[in-house]
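Data block below; observations after.
Taken together, the values in this text are just the output of simple stated rules run on the coordinates, not laboratory data. Only a predicted model underlies this, so the values are computations on that prediction, with no experimental measurement involved. Because the Cβ atoms are built from the backbone with ideal geometry, glycine has one as well, and the counts that use them run over all protein chains shown.
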Amino acid sequence: MMGRGRCSRAWGASMRVVRCLALIGLATGCRKGSEGAAPTPPGATAALSSPTLELAVSQPPDDELRIELTVLNRTSGPLWMNGRMASNHRRSLEFEREVWFELTRENGDEVPFHCVVDNLPPHDEDYIVLRPGSSLKRSFSLNCFDLSPGRYRIIGFYMDGNPHPPRPPAGAVPLREMLVSAQRRFEVRP
């Protein structure tokens, strides 16, 4: 299960654990032209640093390959984000996903995505306040990708594609920009 959708694909492989931390730059505030978006509170853009996106690839014994994505608020103020973090194909409609992955083989060939994910648009209750220093972690299956033994590269993405998100609470800054992890490598062994 991914977000509010369905996904299934069975496969087996051994996996070593790869952990990474990707620092990304994020401009806080509203997108130009966003209707109904609250203005950025005074001083909110004077963040100590930017949020980070942490990506981990693992496969516990006798379990499926998993991706863990963690959004960590390293800013000095609260962020308003879509905590649903629904996953889907990168070419899916923006409102059907907040998370997607770019997965390639070592030679650069894109790994096919085989699932049809039927996510609903996000609801107001999917939105959360992420306080400074706190994080939100979600786990995702890679069963929708056609993985066979070999070496791979993966990049994780987070972006709220909801064209009309609910207004943030007073003092919270909407997280509307894209978070991108650094490219990481992992290996699926026979």
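What to note about this one:
- Rounded FRET efficiency, nearest 0.05, which uses the C-beta distance separating Lys137 from Glu106 and R0 of 25 Å: 0.35
- Vicinal HN-Hα couplings computed from phi for the range 82-95 (Karplus, 6.51 cos²θ - 1.76 cosθ + 1.60; Hz; Gly/Pro x): 7, x, 4, 6, 5, 9, 6, 5, 5, 8, 6, 4, 4, 6
- Counted by neighbouring Cβ atoms within 10 Å, the residues Met85, Met159 run from fewest to most as Met159, Met85.
- Difference of contour (0.36 nm per residue) and Cα-Cα distance, Arg90 to Val129: 11.5 nm
- With θ taken as phi - 60° and the Karplus curve 6.51 cos²θ - 1.76 cosθ + 1.60 applied, the whole-hertz 3J(HN,Hα) list for the range 103-120 is 10, 10, 6, 4, 7, x, 5, 5, 7, x, 9, 9, 9, 9, 9, 10, 7, 7 Hz, x standing for glycine and proline.
- Virtual spin-label span in nm between Arg189 and His114, 7 Å along Cα→Cβ: 2.4 nm
- Per-residue HN-Hα couplings for the range 166-181 [Karplus 6.51, -1.76, 1.60; θ = phi - 60°; Hz; x = Gly/Pro]: x, 4, x, x, 3, x, 8, 9, x, 8, 10, 8, 7, 9, 10, 7
- Using distinct alpha-carbon pairs, which all enter the 1/r mean, Kirkwood radius of the range 47-167 in Å: 15.6 Å
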